[in-house]
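The structure appears right after this line, and notes come after that.
The values are calculated or read from the model by the stated rules, or taken from the named source; none is laboratory data. Source: prediction; values computed, not measured. Positions of Cβ are backbone-derived with ideal geometry, glycine not excepted, and every protein chain shown enters the neighbour counts.
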């Protein structure tokens, strides 16, 4: 039975993976939840992401794993390929939601957003678009929040789930650094080759390429460009440049390369990480997801941490007599796990740049097994 007996009202900043999951988890415990999302549109863009075992486990507790598996593409093996195009071993991922269900799922980001958004609405969550928070003021047991439309709210909980550059984090007086790791990651949506029934990762002489199926018909290809400064390229140059970078890879990457030319979505982003040291909350305000801990993409676990955050936040608030105590317990429970994931993802990025691929593969395997432990 929930311990917290006060006014159960929450304002969440950001309708991304962390924000929507937290809203669902809180609404399941009879909280009245409102989300302020700065994007004026209900739709979201993006290519694809991985729902690792911990993500599926948390989604299963929320009753959403089967829907995600049905609309995504289940995988259980990562196949590594060396610089000569020859197999270099496999990582068999832990199956956390049953031996007959996949260990992981690739899914299109807009599809996951639609699933989470629909469940939030079904649970009575109000999502306000084109709106963000401009000021936060703790007033006794409530928080007064000023919004960008000139209105204000008094709520028991404010959760900043607005990404690595979180304005909500700054409003709460919580600061952290963003670290760049000498890598730019390219991603492109492509038709799924018939042989792509799991995740494939290809080591190159300079860079790394991977392919992740996200549905029966689609996959996304990623390329990690090593040893480069942060830069921005014109959109018209993205697909041709990615094709050129793929030229250095033999074998099956040669089959992927022509698919990029017809991709409607090619993006290039810097590999940045952050980890918020010290407190994650001020009074009844807290940060979750990338606003608190943003890993490098090498472990494909950013979404998993965000989804776990939402679930654990609701659990800890239900176990404590005050919101402040629940938030402190949430942070104490999440910090070690999230720190390990962020630090491991950075170590893998470093190994990739040093061309120490076999060591990186072993570290990926070990970290997936560690993350299989309860959240």
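Quick rundown of the values:
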item: Selection status of residue 370, touching a helix residue (DSSP H, G or I) at 6+ places or on another chain (Cβ under 9 Å) and either crowded, with 18+ Cβ neighbours inside 10 Å or not in a helix (DSSP H, G or I) (or both); result: no
item: Positions within the stretch 116-130 being at negative phi and surrounded by fewer than 19 Cβ atoms within 10 Å (Cβ to Cβ), in sequence order; result: 118, 121, 122, 123, 126, 128, 129
item: Any hit, the stretch 145-162, residues being surrounded by 15 or more Cβ atoms within 10 Å (Cβ to Cβ), at pLDDT 95 or above and closer than 24 Å to residue 48 by Cβ; result: yes
item: Residues (touching a helix residue (DSSP H, G or I) at 6+ places or on another chain (Cβ under 8 Å) and either buried (at least 19 other Cβ atoms within 10 Å of the Cβ) or assigned to a loop (DSSP other than H, G, I, E, B) (or both)) located in the stretch 227-242; result: 227, 233, 242
item: Cross-chain or 6+ apart pairs with Cβ under 8 Å, the stretch 346-369 first and in contact (Cβ under 8 Å) with a residue 12 or more places away in the chain and on the phi > 0 side of the Ramachandran plot, then in a helix (DSSP H, G or I) and crowded, with 20+ Cβ neighbours inside 10 Å; result: none
item: Filter result for residue 277 (surrounded by fewer than 18 Cβ atoms within 10 Å (Cβ to Cβ), within 19 Å of residue 188 (Cβ to Cβ) and in contact (Cβ under 8 Å) with a residue 40 or more places away in the chain); result: no
item: Test: residue in the stretch 243-259 that is within 24 Å of residue 187 (Cα to Cα), touching a helix residue (DSSP H, G or I) at 6+ places or on another chain (Cβ under 9 Å) and in a strand (DSSP E or B); result: no
item: Residue within the stretch 182-191 that is modelled with pLDDT of 95 or more, farther than 30 Å from residue 101 by Cβ and surrounded by fewer than 19 Cβ atoms within 10 Å (Cβ to Cβ) present; result: yes
item: Per-region count, the stretch 319-336, residues in a helix (DSSP H, G or I) and either free of Cβ contacts under 8 Å to residues at least 12 places away in the same chain or closer than 12 Å to residue 157 by Cβ (or both); result: 8
item: Scan of the stretch 281-307 for residues that are farther than 30 Å from residue 226 by Cα and buried (at least 24 other Cβ atoms within 10 Å of the Cβ), ordered by number; result: 284, 285, 286, 287
item: Residue in the stretch 197-206 that is more than 30 Å from residue 69 (Cα to Cα), in contact with a strand residue (DSSP E or B) (Cβ under 7 Å, 6 or more places away or on another chain) and touching a residue at least 60 places away in the same chain (Cβ under 8 Å) present; result: no
item: Test result for residue 211, part of a strand (DSSP E or B) and touching a helix residue (DSSP H, G or I) at 6+ places or on another chain (Cβ under 9 Å); result: yes
item: Those strands (runs of 3 or more DSSP E) lying entirely in the stretch 4-112 with at least 1 residues at positive phi, in contact with a strand residue (DSSP E or B) (Cβ under 7 Å, 6 or more places away or on another chain) and surrounded by fewer than 23 Cβ atoms within 10 Å (Cβ to Cβ); result: 87-92
item: Candidate set from the stretch 113-146 (those that are under 13 Å from residue 10 (Cα atoms) and not in a strand (DSSP E or B)); member that is nearest to the chain's Cα centre (by Cα); result: 125
item: Residues located in the stretch 347-367, provided they are over 22 Å from residue 77 (Cα atoms) and assigned to a helix (DSSP H, G or I); result: 350, 353
item: Filtered residue count, the stretch 215-242, keeping only those that are free of Cβ contacts under 8 Å to residues at least 60 places away in the same chain and closer than 27 Å to residue 51 by Cα; result: 7
